[in-house]
Amino acid sequence: MSTTRIPAVLVLADGKTFPGFAFGASDAANPVFGEAVFTTAMTGYQETMTDPSYHRQIVVAAAPQIGNTGWNDEDNESHDNRIWVAGLVIRDLSRTVSNWRAQRSLDDEMKSQNIPGIYGVDTRTLVRHLRNYGSIAAGIFVGEEAGESVDKLVARVNEQPSMEGADLAGEVSTDGTYVIPAEGEKRFTVVAYDMGIKTATPRHFAQRGIETVVVPANTPVDEVLGHNPDGVFISNGPGDPATADTMVDVTRGVIEKGIPLFGICFGNQILGRALGLETYKLKFGHRGVNIPVKNHVTGKIDITSQNHGFALQMPDGFTADDVKDSRTFDTDFGPAVVTHTCLNDDVVEGVALETGMAYSVQYHPESAAGPHDANPLFDQFIGLMENHSANGKDA
């Protein structure tokens, strides 16, 4: 990193400013805009930055020092190795890279991908502000622009479109179909809808003998049937689930065809909508790798990796006691249950048809980065396909 410090400032839409210094791409002619959000994860900044779910977001790291593990070519979570965050805000940037797997520094990778960052920020105060007042539109300004009047910078920040109503999955989804082969003997074929899929997910499938056919968001059900799938997976992704009408219709079509269905994160919200639930924007979302979730079917508590700013509403008339008692709610496909809730704030973290043919969770069982508590959800999907395979295969 250069010893010459270039001034930069993070400007929030409510007029709050947080000064610091630029790193990564520091082209003053190209400020970046996005929704300022914070993550409490102590590790895994590379996986976070390459997660397509962070598209159009400026990520604030609550951990005080970032960059000490550098950057490698193995831990990227986007199919094309792209950094998807709009910008990165940190307190201290490590001047040395000490991990044996590192191939270059965080600063170098952000430069090569033209992603700006700002360090030297009072991130403790910033995280408190976002926690108290919610995620908010923001911009990073560098060099001479950082010295412009606050009113002018705030006005530019407020010109960007809101995250509510943003249809972003199509911007991060694959342009065409591709296949991740099974490792060893192939047991099943799963079609995965790429709403912003992380590379760790098909890797988990492959390790379990599953061939994954990754298709673009909104691919019609009839095209999916052409791949003769044993199951359908709906991935994580960015944006407002209220805009995903086409995928909701697709999901309903998959259920009607009797194909086992598994969704995570954005896929949880899509399945919930297909079952008749509404969605809403959380105040500051869940972003971290230490979020406790209770499975009300088994009574087990998992520590989970999460990244979402929207959530499912509870079914009409439901209380926490109804969830604990596994009370069902009516859908067009029969009774369904809320299977999981967050122990921090009671947010819905999972739904399922009572038949078990379709289920989803709001968190990330692929654990990249994060704990492995939820990995058995992949095995649950295998069990579902073993019992209800569309192809009648004996696994």
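The values are calculated or read from the model by the stated rules, or taken from the named source; none is laboratory data. The structure displayed is predicted, hence computed values, not measured ones. With ideal geometry, Cβ positions are generated from the backbone for all residues, glycine too; neighbour counts draw on all protein chains shown. For accessibility, only protein heavy atoms count, side chains too; no ligands or nucleic acids. Shrake-Rupley method; radii C 1.70, N 1.55, O 1.52, S 1.80 Å.
Helix-only mean residue ellipticity at 222 nm, the chain, DSSP H runs n ≥ 4 weighted -39,500 (n - 2.57), per residue, nearest 500. What is it? When only DSSP H runs of four or more count, the value is -6000 deg cm²/dmol. Keeping all protein chains in position, work out how much accessible area HIS364 exposes to a 1.4 Å probe, and write it in Å² to the nearest 10. Here the accessible area works out near 10 Å².
Computed from backbone phi, the HN-Hα couplings of region 52-62 come to x, 5, 8, 3, 6, 10, 9, 8, 9, 8, 6 Hz, rounded to whole numbers (Karplus: 6.51 cos²θ - 1.76 cosθ + 1.60, θ = phi - 60°; Gly and Pro given as x).
With all protein chains present, how much of the accessible area of region 118-212 (probe radius 1.4 Å) comes from carbon and sulfur, to the nearest whole percent? Percent of accessible area from carbon and sulfur atoms in region 118-212: 43.
The share of alpha-carbon pairs in the chain lying farther apart than 39 Å comes to 18%. Here ASN81 and ALA320 are evaluated by their C-beta separation; at R0 = 30 Å the FRET efficiency comes out at 0.10.
Across region 169-387, the mean sequence separation of Cα contacts (distance under 8 Å, 6 or more residues apart), normalised by length, yields a relative contact order of 18 percent.
Under the simplified labelling scheme, the GLU164-ALA63 pair shows an inter-label distance of 3.3 nm, with each label point 7 Å from Cα along Cα→Cβ. The relative contact order of region 186-233, computed from alpha carbon pairs under 8 Å that lie at least 6 residues apart in sequence, is 57 percent. Within region 59-73, find all residues whose amide N lies under 17 Å from a label point positioned 7 Å from the Cα of SER98 along Cα-to-beta-carbon. Under 17 Å, as judged by backbone N against the label point of SER98, lie 63-71 of region 59-73.
The slack in the chain from VAL297 to ARG203, taken as 0.36 nm per residue of separation less the alpha-carbon distance, amounts to 31.1 nm. Protection proxy ranking of 265-272, 341-348, 250-257, by the mean of other Cβ atoms within 10 Å over each peptide's residues and highest first, is 265-272, 250-257, 341-348.
Quick check: residue separation of ASP108 and GLU256 times 0.36 nm, minus the Cα distance between them. What number comes out in nm?
Values: separation 148, 0.36 × 148 = 53.28 nm, distance 4.91 nm.
Taking ASP108 through GLU256 to full extension adds about 48.4 nm, to one decimal.
Computed from label points 7 Å out along Cα-Cβ, the spacing between ARG128 and ASN290 is 1.9 nm.
Taking each of LYS281/LYS324; LYS111/LYS152; LYS111/LYS281 in turn, the alpha-carbon distance tops 29 angstrom for LYS111/LYS281. Across every direction, the projection of the convex hull enclosing the Cα atoms of region 109-229 has a mean area of 11.8 nm².
Accessible-area rank, largest first, for LYS324, LYS198, LYS152: LYS324, LYS152, LYS198, with all protein chains present and a 1.4 angstrom probe. Residue order by solvent-accessible surface for ILE83, ILE136 is ILE136, ILE83, largest first, with ligands and nucleic acids left out and a 1.4 Å probe. Here region 169-387 carries DSSP beta bridges of which approximately 60% are antiparallel, counting only pairs with both residues inside. For the set TYR363, TYR45, TYR280, the ranking by accessible area, highest first and with no ligand, DNA or RNA atoms included, is TYR280, TYR45, TYR363 under a 1.4 Å probe.
Relative contact order of the chain, please, whole-number percent, based on alpha carbon pairs below 8 angstrom and at least 6 residues apart. Reported as a whole number, the value is 15 percent.
Apply 1/(1 + (r/R0)^6) to the Cβ-Cβ distance of GLU223 and ASP379, taking R0 = 25 Å, and write down the FRET efficiency to the nearest 0.05.
For R0 = 25 Å, the calculated efficiency reads 0.35.
The residues of the chain expose, per residue, 41 Å² of accessible area to a 1.4 Å probe. Can you grab the distance from the C-alpha centre of region 196-221 to the C-alpha centre of region 270-346, Å, no decimals? Cα centroid to Cα centroid, the span is 24 Å. Restricting attention to region 7-159, close to 60% of DSSP beta bridges with both partner residues there are antiparallel. Counted over the chain, the DSSP beta bridges are approximately 60% antiparallel. Once you have a ≥ b ≥ c as the square roots of the Cα gyration tensor eigenvalues for region 252-395, tell me rounded if a/c is under 1.5, and otherwise prolate or oblate according to whether a/b is larger than b/c. In terms of gyration-tensor shape, oblate. Can you tell me how region 96-153 classifies by the Cα gyration tensor, rounded, prolate or oblate, using a/c under 1.5 as the rounded cut? Because a/c hits 1.5 or more and a/b fails to exceed b/c, region 96-153 counts as oblate. For region 7-159, the equivalent ellipsoid built from the Cα gyration tensor has semi-axes of 24, 16, 14 Å, listed from largest to smallest.
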